[in-house]
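Chemist: There's a structure below that I have some questions on.
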Amino acid sequence: MEVIEKAPAKINLCLDVLHKRDDGYHEMEMVMTSVDLADRIVLKTIEENQIVIHSNNGFLPLDQRNHAYKAAKLFKDTYHIEKGVDITIEKNIPIAAGLAGGSSDAAATLRGLNRLWQLNLSNDELALIGEKIGSDVPYCIYGGTAYATGRGEKIQQIDAIPQCWVVLVKPKKGISTWTVFENLSFEQITHPETENMLTAIQENDYSQMVENTGNALEPISAVKQPDIKRIKRKMLQFGADAALMSGSGPTIYALCKKYSKAQRVYNGLKGFCNEVYLVRTLK
Ligand code: C5P
């Protein structure tokens, strides 16, 4: 038997960093939503008690550094499962991009193993395993639109955002989340109006939503990656309703209500960057 799970990418509509905690992590407040750019995870039981990973992407580590591997290992250890699993990751989400691709693969692996080995665990139980892998994994278990606090692992699901088109642009060089947080100085930060964002979503108000997008980490990542500012400027020139960095970057996304505008942004940026995607938000 085999189980197939979709692992969608996420974007941050708001990302705020409140303070540094004693455990070294940062206290966050975020609003995120899933988009229909997804990896595809195929899971099969194997006789040998091993975790075997394959991928179409040669840059992805296939050992214990891989998030899906970590997820399978934790799942097997937690529930004392002696069987092995073969995991194929069809990678479509850019790596080290701020789109939670690795976290989404881990979450899809946990959901998939729950089905494959019929453990009947709730999403809340899977999220508890997920948070040991990374701060974004619990969100990826639930997907959709969510308000996240703590180090990002405390999830409250909220209404879907007003449907729109999303153009994603990934600059060539990735950024590690760790580096961005290491370089964070609170004087540089502009805090987004998360409260306004939550109200806009609750009222299904697209124009208020685009007006209140904001990412406190953007100025820090933009120092490392000057392309971020250039891409943002181009997106707005081509008519995007909003342009923002996702997560710790370096991916920039544009929001467009109209498909014709999204196509203009897509075509305009395509000549400038290799990795450009035109997708929809997911409900
Ligand atoms: O949780 P995750 O493993 O994805 O985080 C990667 C790194 O990002 C952490 O080791 C930490 O340096 C930083 N981080 C942080 N505060 C958060 C989330 C991540 O400082 N809320």
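Just so you know, all these numbers are worked out from the coordinates, no wet-lab data involved. From a predicted model like this one, the values you see are computed outputs, not experimental measurements. Positions of Cβ are backbone-derived with ideal geometry, glycine not excepted, and every protein chain shown enters the neighbour counts.
Chemist: Roughly how many nanometres apart are two label points built 7 Å out from the Cα toward the Cβ at residue 52 and residue 190?
Modeler: 5.2 nm
Chemist: If I fit a long axis through the Cα atoms of helix 227-237 and take the longest principal axis of the Cα atoms of the chain, what angle between them do I get, 0 to 90°, rounded to 10?
Modeler: Compared with the principal axis, the helix lies near 60 degrees.
Chemist: Another question about this same structure. For the Cα atoms of the chain, what angle does the longest principal axis make with the long axis of helix 259-270, in degrees from 0 to 90, nearest 10?
Modeler: Its long axis makes an angle of about 80 degrees.
Chemist: Among 82-88, 32-38, how do they line up from the highest to the lowest mean number of other beta-carbon atoms within 10 Å? Intermediate results must be reported in sequence, preceding the final value.
Modeler: Details: 82-88: 17.1, 32-38: 21.4.
Per-residue mean Cβ counts within 10 Å order the peptides as 32-38, 82-88.
Chemist: Related question: Based on the mean of other Cβ atoms within 10 Å per residue, sort peptides 140-146, 235-241 so the most packed one is first.
Modeler: So the order, starting with the most tightly packed, is 140-146, 235-241.
Chemist: Which angle between 0 and 90 degrees, to the nearest 10, do you get for helix 67-78 versus the longest principal axis of the chain when only C-alpha atoms count?
Modeler: It works out to around 40 degrees.
Chemist: Still on this structure: Do any of 132/173; 70/154; 229/270 go past 18 Å between their Cα atoms, and which? Walk me through the numbers before you get to the answer.
Modeler: On the way: 132/173 27 Å; 70/154 20 Å; 229/270 16 Å.
Beyond 18 Å between Cα atoms: 132/173; 70/154.
Chemist: Could you tell me what % of all Cα pairs in segment 2-157 have separations over 22 Å?
Modeler: 37 percent
Chemist: Is it possible to state the helix-based mean residue ellipticity at 222 nm for the chain, with each DSSP H run of 4+ residues giving -39500 (n - 2.57), the sum divided by total residues, to the nearest 500 deg cm²/dmol? What is it? All intermediate terms of the calculation are to be shown ahead of the outcome.
Modeler: Details: 10 runs with 93 residues, N = 283.
When only DSSP H runs of four or more count, the value is -9500 deg cm²/dmol.
Chemist: Please find the FRET efficiency linking residue 178 to residue 258, where r is the Cβ-Cβ separation and R0 is fixed at 41 Å, and quote it to the nearest 0.05.
Modeler: 0.60
Chemist: Can you check what the Kirkwood hydrodynamic radius comes to for the chain, Cα pairs only, in Å to one decimal? Before the final figure, lay out each step's value.
Modeler: Details: mean 1/r = 0.0524 Å⁻¹.
Hydrodynamic radius (Kirkwood, Cα only) of the chain equals 19.1 Å.
Chemist: Related question: In whole Hz, what ³J(HN,Hα) sequence does segment 273-283 give by Karplus (6.51, -1.76, 1.60; θ = phi - 60°), x for Gly and Pro?
Modeler: Going residue by residue, I get 9, 7, 9, 10, 10, 10, 9, 10, 6, 9, 6 Hz, with x marking Gly and Pro.
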